Every structure is written in C-alpha cells, then in structure tokens.
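The values are calculated or read from the model by the stated rules, or taken from the named source; none is laboratory data. Computed from a prediction, not measured in an experiment: that's the story for all the values here. Glycine also receives a Cβ, built like all others from the backbone with ideal geometry; neighbour counts cover every protein chain displayed. With ligands, DNA and RNA removed, areas are computed over all heavy atoms of the protein, side chains included. Shrake-Rupley method; radii C 1.70, N 1.55, O 1.52, S 1.80 Å.
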Amino acid sequence: MPPALPQPLRNTRILSLALNLPGPAALMRCARMGAECSKLESPPAPGQCSADPMASHDPAVHATLHAGVRLLYADLKTPAGQASLHAELARSDALLTSFRPSALARLGLDQDTLQARYPRLSLIRIVGTAGERAEEPGHDLTYLAKAGLVTGDEMPPTLYADMGGALMASEAVLQALLERAHTGAGACIEVALADAAAWLALPRDWGLTTPEGPVGGGHAGYRVYPCADGRVAVAALEPHFAARLCAAAGLPATGDALRLHAPATHQAIAGFLRTQTRAQLDALAQAQDIPLHTLA
C-alpha cells in the first residue's frame with residue numbers, strides 16, 4: 001500500500017463558488033490535502049445535474065472533480081441565496097472564487113466587505129489576468145498564446161494554464177492559512193491564469209527548451225527519436241546517463257556537454273536508435289539504467 005499522504009488542510013473548511021476547471025481542480029487538490037470542501041452553485045436548469053458549464057461539457061469530468069465535495073445550491077441574487085451563502089462563509093476558513101472582481105463586488109464578496117464581516121476568512125480569487133486587466137475575458141488557450149506556448153495550428157495537448165492555475169490556487173490556500181497563523185487575519189490572494197502560463201513558459205524564456213537548448217533538442221541525449229517500430233523519448237541528460245547512451249550507440253562513453261551537442265553525436269545516436277525496436281530499447285534501458293520511454 002502507498003504511504004498515506006500528509007493532510008495539512010485537515011480541520012480546514014473551504015467554500016468554493018468557482019466554475020469550469022481551475023477552481024474545481026484546486027478544490028480537488030485541497031480535498032486531497034484533508035480540507036472539508038463545499039461548493040455553492042446556482043440551481044441547475046431542469047434536467048441538468050449542475051449549473052457549472054463543465055457538467056455540460058463532460059459530466060464524468062465534473063463528477064471526478066467534485067468527488068467528496070459537498071454541493072450546495074442557491075441563487076445569490078436573492079435574499080435566501082445570500083443567507084445560505086453567509087451561513088457557509090461564517091463557518092469557512094477560505095473562499096475560492098473565479099468571478100470577475102466587478103461581479104464579486106456586486107455580490108458583496110469584495111475583500112474589504114468580507115474582511116469587515118469575517119476577519120479570519122481568506123479570499124482566493126482566480127482571475128484570467130492580474131490587476132487592472134482582471135475584467136478581460138479569456139481562457140486557457142488565450143493565456144497560453146500570450147505566453148508564447150501555442151505553436152503552429154495544433155491545439156496544446158492539455159490545459160496547462162488551467163491546471164497550473166489550479167495548483168497555484170491550492171498553494172494560495174496554504175499560503176493564506178500560514179499567514180493567518182502569524183497575523184490572526186485572513187488574506188486576499190489573486191491567482192491569475194495568465195501568470196500560471198507565464199510561469200510554465202519560464203524554461204522556454206531562459207532558453208532551456210529552444211531547439212538549441214539542452215532540453216529542447218540541442219543535447220543528443222535529450223530528444224525524441226524514431227526507432228525501428230515507433231519512437232523513443234530519450235532523457236539521458238546527466239553525464240553518467242549520456243555516457244551509457246553513447247556507449248550503447250558505439251561512441252566513446254562520454255557525458256561531455258560539448259560532444260553531446262555536436263551534430264556528429266546526434267547523427268550517430270539517431271542512426272543507432274533507428275535500428276532498434278521498442279522491445280530492444282526497453283531492454284537496453286533496463287540493463288544499462290538509461291532513462292527512456294518508447295512510444296508507438
């Protein structure tokens with residue numbers, strides 16, 4: 001059995017109003033850290049299980065995101081809905097939202113109002129872009145595009161900004177509670193999905209993942225190559241791994257970075273891997289302790 005995960009958010013109550021993916025994914029992370037998680041949604045339309053757009057996009061994903069989450073329903077534009085909301089806020093340690101700041105203000109959920117009424121409550125606001133641009137509309141794809149992470153016409157393989165933002169939001173919950181332990185007061189932390197995309201783009205900005213960079217294709221031990229019956233992702237970056245790869249390819253067993261960036265080394269390793277089946281490469285990885293993964 002795997003060891004039990006730490007539960008740093010045990011005895012913590014989190015209320016979420018956040019829809020779509022980043023907020024529910026952050027709430028799922030918090031639940032896994034031991035928090036008691038509730039989500040308040042608008043009442044669903046007849047025949048619908050939820051007012052969250054994710055439920056219509058993919059009900060199974062919505063169910064996965066909300067496993068173990070206490071779901072509540074209330075129209076926040078009505079006095080009864082407001083009463084339900086504030087009954088939950090009174091017992092919560094953190095509020096997670098994904099509304100624009102103007103919408104929060106109309107609902108009486110801006111930080112100043114919340115701080116005056118619930119001094120120990122923290123507000124974690126997920127927005128698209130930070131600061132004055134928080135009212136601008138956007139989604140994962142536009143934030144990745146702004147960060148330079150959309151290349152060509154193909155769609156990104158996953159929702160990097162949304163899931164990165166979810167991690168940052170769950171981190172913000174931990175930050176707010178740690179800060180409250182020092183000050184006794186709740187905090188307001190803004191999490192911008194555009195900032196999550198920019199954070200993920202840093203290795204590219206540093207030049208690490210450019211075509212000439214060490215993990216962008218410049219190093220012969222860190223590339224995707226064709227093999228006899230598919231592809232192989234090779235990650236022999238450290239000198240001792242690179243030396244083993246070179247030896248397997250019939251080259252001098254070296255991990256020297258200059259040699260690993262040389263065109264002749266690339267050609268020799270590519271030529272060797274092209275002759276090997278996936279089964280042969282899997283066996284080589286096991287026997288020689290070389291990090292690689294074969295692909296169809």
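Of note:
- Selection from Met54, Leu114, Tyr143 lying farthest towards where the dipole of the chain points positive, charges on Cβ: Leu114
- At R0 = 51 Å, FRET efficiency that the Cβ-Cβ distance of Thr113 and His240 yields, to 0.05: 0.30
- Zone of Asp75's modelled label, taken as backbone nitrogen in region 25-43 under 14 Å from a point 7 Å along Cα→Cβ: 42-43
- Only Lys, Arg (+1) and Asp, Glu (-1) charged, at Cβ; region 1-90 dipole about Cα centre in debye: 280 debye
- Dipole of region 219-278 [Lys/Arg +1, Asp/Glu -1 at C-beta], most positive-end residue of Ala249, Gln276, Ala236: Gln276
- Cα gyration tensor shape of region 11-92, rounded if a/c is under 1.5, else prolate or oblate by comparing a/b with b/c: oblate
- The chain, accessible area per residue, ligands and nucleic acids excluded (1.4 Å, Å²): 52 Å²
- Fraction of accessible area attributable to carbon and sulfur, the chain (%, probe 1.4 Å): 58 percent
- Dipole magnitude for region 148-210: about 200 debye, using +1 per Lys or Arg Cβ and -1 per Asp or Glu Cβ, origin at the Cα centre.
- Label point distance in nm, Thr151-Thr64, each placed 7 Å from Cα along Cα→Cβ: 2.7 nm
- Net length gained if the chain between Ala247 and His57 were fully extended (0.36 nm per residue, minus Cα distance): 63.4 nm
- Most fluctuating residue given options Pro203, Pro24, Pro226, as computed from a GNM of the chain linking Cα atoms under 10 Å: Pro226
- Springs join every pair of Cα atoms under 10 Å in this Gaussian network model of the chain, and among Thr275, Thr12, Thr64 the largest mean-square fluctuation is at Thr275.
- In this rough spin-label picture, where each label sits 7 Å from Cα along the Cβ direction, the Glu179-Gln267 distance is 5.8 nm.
- Over all orientations, region 69-115 has a Cα convex hull whose mean projected area works out to 3.6 square nanometres.
- For the chain, built as a Gaussian network whose Cα springs stay under 10 Å, the top-fluctuating residue of Gly186, Gly271, Gly23: Gly271
- Calculated on C-alpha atoms, the gyration radius of the chain divided by its Kirkwood radius gives an Rg/Rh of 1.10.
- Reciprocal of mean inverse Cα separation for region 232-286 (Kirkwood radius, Å): 11.3 Å
- Scaled against the 2.2 N^0.38 Å expected of a compact globular protein of N residues, the Cα radius of gyration of region 84-199 reads 1.16.
- Cut-off of 10 Å, at most 15 other beta carbons, DSSP loop: longest stretch of the chain lacking such GluC sites (Glu not before Pro): 1-134
- Region 25-171 - charge dipole about Cα centre, Lys and Arg +1 at Cβ, Asp and Glu -1, debye rounded to 20: 500 debye
- Only beta bridges with both residues in the chain are counted; by DSSP, about 35 percent of them are antiparallel.
- Amide N proximity, region 210-228 versus Leu258 label position 7 Å along Cα-to-Cβ, cut-off under 17 Å: 219-220
- Arg106-Ala130 FRET efficiency (beta carbon distance; Förster radius 22 Å; 0.05 resolution): 0.60
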